[in-house]
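Novice: Before I ask anything, here is the structure I am working with.
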Amino acid sequence: MRRPEGASPSAAARVCGGDYTWTLVANEVYGALSQIPRVRRVTWLNGQGQFHIARRDVVCPGQGEALPVIGLEEQVLRSFATYSADRVEQLRLRPKGTPHHAPTMPIAQMTSRVCLDRLELSAAHLVVADQLLRDQRYRVAIGRYYYAMYHTARSAAFAFYRGDDHEKHSVLPQKLPGELPDREALVQDLQYARLLRNDADYDPYPTSDLVWEQDARAVAASASRFCAAVEDFVLGQIVNGE
């Protein structure tokens, strides 16, 4: 496995809290990033635990190709957030002392972080959607409400199934945990919001934003109910360690 440029084992171990296992996870992330066609250069900033990424097709005025630095911890969590349940279980079962055993941050803690961070993203979408609704930008508000619901649902699925196996928009509604209160109504709300978002995002007609007001207000109400109910479920899963 390749080591990031400029990082010796001792330096990387210091960055990763003295555990070289975490460094190996970071190296795996580094290698994966290097294979993405849009990414031209990935540089490990020695001693800082951060990645600097430049993309082939992005030029920032006055800054060349520079993009914001990505912290090591978030980059590892970003990778973990896409793991299937089987892959998470394989990581859990690897015996300690081998080059690929579980990283320094316990898997339960990583799972909680991913779920909570996705709930934060959902909340951000809700804030933007509410502002768009107040501004009478009804068409684009619909999409933000849907994505608030989508990320809340995806957090619940990750918490319940212990992996990101059901992230597809067409699959996720039917994979909402059965323990959710009034689950069938929540499934219908998510499915309807997705169909409405597709119409609002992809169909140029009707052209008037005002025509979308009734739909936007309806999805706003369902998004509020949906996110509150599903978020409570996620927090319960995390608190109870289920």
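A short reminder: the numbers here are calculations on the coordinates, not readings from a lab. Note that the structure is a prediction, hence the values are computed from the model and not measured. Ideal geometry is used to build each Cβ from the backbone, glycine not excepted, and the neighbour counts take in all protein chains shown.
Novice: In whole Å, what three semi-axes, largest first, describe the equivalent ellipsoid of the range 109-240 built from its Cα gyration tensor (square root of 5 times each eigenvalue)?
Specialist: 27, 14, 12
Novice: Just order 150-158, 133-141 by mean Cβ neighbour count inside 10 Å, highest at the front, would you?
Specialist: 150-158, 133-141
Novice: A further question follows. Order by neighbour count: ASP182, ASP232, fewest other Cβ atoms within 10 Å first, most last.
Specialist: ASP182, ASP232
Novice: Sort 206-212, 163-169 by the packing proxy (mean of other Cβ within 10 Å over each peptide's residues), most packed first.
Specialist: In descending order of packing, they fall as 163-169, 206-212.
Novice: Under 8 Å for C-alpha pairs, at least 6 residues apart: give me the relative contact order for the range 80-212, rounded to a whole percent.
Specialist: Rounded, it is 27 percent for the range 80-212.
Novice: I'd like the FRET efficiency for GLN131 and ASP201, computed as 1/(1 + (r/R0)^6) with the beta carbon distance as r and R0 of 30 Å, rounded to 0.05.
Specialist: 0.95
Novice: Further question on the same structure: Give me the distance in nm between label points sitting 7 Å out from Cα along the Cα-to-Cβ direction at ASP86 and LEU235, one decimal.
Specialist: 3.6
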